[in-house]
Amino acid sequence: MGLKIIVCAKQVPDTTEVKIDPVKNTLIREGVPSILNNDDANALEEALRIKDKYPDTHITVISMGPLQAKDMLIECLAMGADEAILASDRKLGGSDTWATSNALAAVIRKLGHFDIIFAGRQAIDGDTAQVGPQIAEKLGIPQVTYVSEFEMDGDTIIVKRALEDGYERIRLKMPCMLTAIKELNKPRYMTIGGIYEATKKEIPVWTAEDIGVDLNTVGLEASPTNVFRSFTPAPKGKGIMIEGDGEKELARNLLINLKAKHVI
Amino acid sequence: MNFQLTKEQEFVRKMVRKFAENEVEPIAADIDKEHRFPVETVAKMRDYGLLGVPFPKEYGGAGGDHIAYAITVEELSRVCASTGVICSAHTSLCGWPLFAYGTKEQKEKYLIPVAKGEKLGAFGLTEPNAGTDASSQQTRAVDKGDHWELNGTKVFITNGGYADVYIIFAMTDKSKGSRGISAFIVEKDFPGFSIGKTEEKMGICASSTTELIFQNCKVPKENLLGKVGEGFKIAMTTLDGGRIGIAAQALGIAQGAFDVTVEYMKARKQFGRSLSKFQALQFEVADMKTRIEAARLLIYYAADLKDRKQKYGANAAMAKLYASETAMYVTTKCVQLHGGYGFTKDYPVERMMRDAKITEIYEGTSEVQRMVIAADVFRK
């Protein structure tokens, strides 16, 4: 079938190990390992499952970030992606989601033909969930976010889109953009053999000039949003599961709890 | 001199640690309690290339080196020493002699599926009356013209009963002593080959340790590994490499016990402060950490010598001796630092201390390692 799939991936600090400076309210990055963003691993896994089924599928992973993001791309290659490209340039630094999606859309245009773009729902460091959808808008292709199930049906795709109170089943045509959530699959590990192949592969680094992006639309200066303040949310208490035999008793136990806490 | 791991070796550690923490650690206590060989883990190790780390790609391996292999066994053993030894015995004791001594045909037929992990490997040298005195082999192999006939019993065979391919040593000419021993490749289904008693052990309870029984076992002529009479040399050079694997297993056990103990010491409070604040206990931690690091350097150095095709037998013996004694030292201290909790099965250090003991015994006892090291000293 020869599908061409592009996966958008980001290198992020492992937030399970991140601490926040209580005075400056910024992330303490020192000594924190960098990882492939969780949802992006789900995005790549789904692409790899398509490749497992149709071996002539070609997977290109793209990312924007500093040169050290190459390590994350090596991980993607060691999991089974065919090639990886890093957009890296001082001129792209400080980009917000709008500017980032301008750069990544330019990378994708330069790559040319594709059938599916997979991205993670959101990155664990910014939690915006905007870059994937913005890329789709800029490329003028259909998109489905929060994909929790995926299947190919002839030359169309059927996906399940998870919503807070239910789900949608959507059929769409390629080319398209899909953003993955963790329910979509369980990402595989690198293979040992894959590691030794991946480190031998060249990962091209494309500059702002290489991708031909308008310099007025990327970088810190061009970004319409900036971080106003970051803070550590106060920890929430643990939830309580109300127990009881039957609805009446459950309701009674709920009322007892609410009264005990002087809510009512 | 370069103490930096390569990028590949760092990625191997990252991958195996994640694999071990997600796939191996959650079942480690259960399979120990149930004395259950984790077939499902072996299948996963196969899928991710963990069963052929140091072998070239052309022979089905991952194309890695022996430091990456040591890291693999270390990281598996950090959470489960049973899983570590399944990988180590398979790779070092079956895959390696096939790689080093096998003919082109033997490599095609046996090394490729072993390195891919499609077939599990084992090694049979030890006998009821041939332990440390390994050259006193009583298993006999007789040339029957169109095949070899094996008779005898092997004991304490790791992966016994689960392995598909066994490297078996037998006496082909008793008059020649250790030069009368030959090595054979035996498949689990060969007629006359059966699995005997399964051992009930103190530790590494999820690994399989069995007797192998040969009763007029028919082995094809082409399954002689190396030349007639070369068996003892094959066994000894194989064990040189195996010691890197067991040393790495011991290191992993020590590191695993150390890591959980450091976390425990931060959390556990007595006399109004956490254990980590008591200087007497901090000193224990410092001593453990120092020994662990020293063991690690000895192991990686021996593995590096092996990769650079230099003489490494005595270095592997030093690594195995020091790492296994470190594993006992560290796990015993870790149980002590856990107090009463450390003596219960609710905490992993109890299992780790039981698992550590065997590393001082198998693939050459600590006494044998000292013999090897001393012989090397006085040979010069």
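Values for this structure:
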{"quantity": "Label point distance in nm, B:Gln310-B:Phe378, each placed 7 Å from Cα along Cα→Cβ", "calculated": "2.6 nm"}
{"quantity": "Helical contribution to [θ] at 222 nm, DSSP H n ≥ 4, -39,500 (n - 2.57), averaged over the protein assembly as shown, rounded to 500", "calculated": "-13000 deg cm²/dmol"}
{"quantity": "Nearest 10 degrees, 0 to 90: helix B:25-34 Cα axis against chain B principal axis", "calculated": "70 degrees"}
{"quantity": "Ranked packing of B:238-250, A:217-229, B:89-101, A:140-152, most packed first, by mean Cβ within 10 Å", "calculated": "B:238-250, B:89-101, A:140-152, A:217-229"}
{"quantity": "Share antiparallel - DSSP beta bridges, the protein assembly as shown, percent rounded to 5", "calculated": "60 percent"}
{"quantity": "Per-residue average of Cβ from other chains inside 10 Å of B:56-67", "calculated": "2"}
{"quantity": "Rounded tilt (10° steps) of B:279-307 against the dominant C-alpha axis of chain B", "calculated": "30 degrees"}
{"quantity": "HN-Hα J in Hz across the range A:216-228 - Karplus 6.51, -1.76, 1.60, θ = phi - 60°, x for Gly and Pro", "calculated": "7, 10, 9, x, 4, 4, 7, 7, x, 10, 9, 6, 7"}
{"quantity": "Peptide B:7-15 - average C-beta neighbours from other chains (10 Å radius)", "calculated": "6"}
{"quantity": "Cut-off 18 Å (backbone N to label point 7 Å along Cα→Cβ of A:Lys53), residues of the range A:123-148", "calculated": "A:144, A:147-148"}
{"quantity": "Amide proton proximity set for B:Leu225, modelled H, under 5 Å, gap of 5+", "calculated": "B:Ala183, B:Phe184, B:Ile185"}
{"quantity": "Dipole moment magnitude, nearest 20 debye, the range A:141-264 about Cα centre, only Lys, Arg, Asp, Glu C-beta charged", "calculated": "680 debye"}
{"quantity": "Whole-Hz ³J(HN,Hα) from phi, Karplus 6.51 cos²θ - 1.76 cosθ + 1.60, for the range A:181-193, glycine and proline x", "calculated": "10, 5, 6, 5, 5, 10, x, 6, 8, 5, 9, 4, x"}
{"quantity": "Three-way shape label, the protein assembly as shown, alpha-carbon gyration tensor, a/c 1.5", "calculated": "prolate"}
{"quantity": "Other-chain or far-sequence residues with amide H under 5 Å of B:Thr139's (modelled H)", "calculated": "B:Thr153, B:Met171"}
{"quantity": "Cα-centred dipole magnitude for the range A:4-217, charges only on beta-carbon of K, R (+1) and D, E (-1), debye, nearest 20", "calculated": "160 debye"}
{"quantity": "Part-to-part distance (alpha-carbon centres) for the range A:203-264 and the range B:79-118, which is given in Å", "calculated": "49 Å"}
{"quantity": "Residue (of A:Met79, A:Gln134, A:Ala123) at the positive-pole extreme of the range A:73-134, dipole from beta-carbon charges", "calculated": "A:Gln134"}
{"quantity": "Accessible-area order (highest first, 1.4 angstrom probe) of the listed residues B:Val372, A:Val12, B:Val377", "calculated": "B:Val377, B:Val372, A:Val12"}
{"quantity": "Residue-span extension gain [A:Gln68 to A:Glu243] - 0.36 nm each, minus C-alpha spacing", "calculated": "57.9 nm"}
{"quantity": "³J(HN,Hα), Karplus 6.51/-1.76/1.60, whole Hz, each residue of the range B:110-115, x for Gly, Pro", "calculated": "10, 5, 4, x, 5, 5"}
{"quantity": "Summed residue charge, Cβ within 10 Å of B:Lys188's Cβ, Lys/Arg positive, Asp/Glu negative", "calculated": "-2"}
{"quantity": "Trypsin sites (Lys or Arg not before Pro) within the range B:124-218: DSSP coil, no more than 15 neighbouring Cβ in 10 Å", "calculated": "B:Lys144"}
{"quantity": "The range B:143-203 and the range A:98-155: distance between their alpha carbon centers, rounded to Å", "calculated": "59 Å"}
{"quantity": "Chain lengthening between B:Thr103 and B:Ser276 when straightened (0.36 nm per residue, less Cα-Cα)", "calculated": "56.6 nm"}
{"quantity": "Estimated distance in nm for a label pair at A:Lys182 and A:Asp210, the labels positioned 7 Å out from Cα along Cα-to-Cβ", "calculated": "3.3 nm"}
{"quantity": "Between 0 and 90°, nearest 10: helix B:313-338 axis offset from chain B longest Cα axis", "calculated": "40 degrees"}
{"quantity": "Net length gained if the chain between A:Asp125 and A:Asp165 were fully extended (0.36 nm per residue, minus Cα distance)", "calculated": "11.8 nm"}
{"quantity": "Net charge over other residues, Cβ less than 15 angstrom from the Cβ of B:Leu281 (K, R count +1; D, E count -1)", "calculated": "+4"}
{"quantity": "A:Val32-B:Lys227 pseudo-label distance in nm [points 7 Å out on the Cα-to-Cβ vector]", "calculated": "6.3 nm"}
{"quantity": "Among B:Ala317, A:Thr97, A:Ile59 - extreme Cα towards positive end, dipole of the protein assembly as shown, charges at beta-carbon", "calculated": "B:Ala317"}
{"quantity": "Size of charge dipole - the range B:1-146 - debye, nearest 20, with Cβ of Lys, Arg +1 and Asp, Glu -1, no other charges", "calculated": "260 debye"}
{"quantity": "Shielding by partners - mean other protein chain Cβ count within 10 Å, residues of A:184-192", "calculated": "6"}
{"quantity": "By average C-beta atoms within 10 angstrom, highest first, the peptides B:15-27, A:200-212, B:267-279", "calculated": "B:15-27, A:200-212, B:267-279"}
{"quantity": "Positive dipole terminus of the protein assembly as shown, leading residue within B:Ser178, B:Ala62, B:Val228 (C-beta point charges)", "calculated": "B:Ser178"}
{"quantity": "Solvent-accessible area buried by A and B, counting both chains, probe 1.4 angstrom, square angstrom", "calculated": "1700 Å²"}
{"quantity": "Protection-proxy order for peptides A:50-60, B:321-331, each taking the mean of Cβ atoms within 10 Å per residue, highest first", "calculated": "B:321-331, A:50-60"}
{"quantity": "Of A:Asn102, A:Asn37, A:Asn216, the one that fluctuates the most in a GNM where chain A has Cα springs shorter than 10 Å", "calculated": "A:Asn216"}
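The values are calculated or read from the model by the stated rules, or taken from the named source; none is laboratory data. Everything numeric in this text was worked out from a predicted model, so none of it was measured. Using ideal geometry, Cβ is built from the backbone for each residue, glycine included, and neighbour counts are taken over all protein chains shown. In case anyone asks, the SASA skips ligands and DNA or RNA and just uses the protein heavy atoms, side chains included. Shrake-Rupley method; radii C 1.70, N 1.55, O 1.52, S 1.80 Å.
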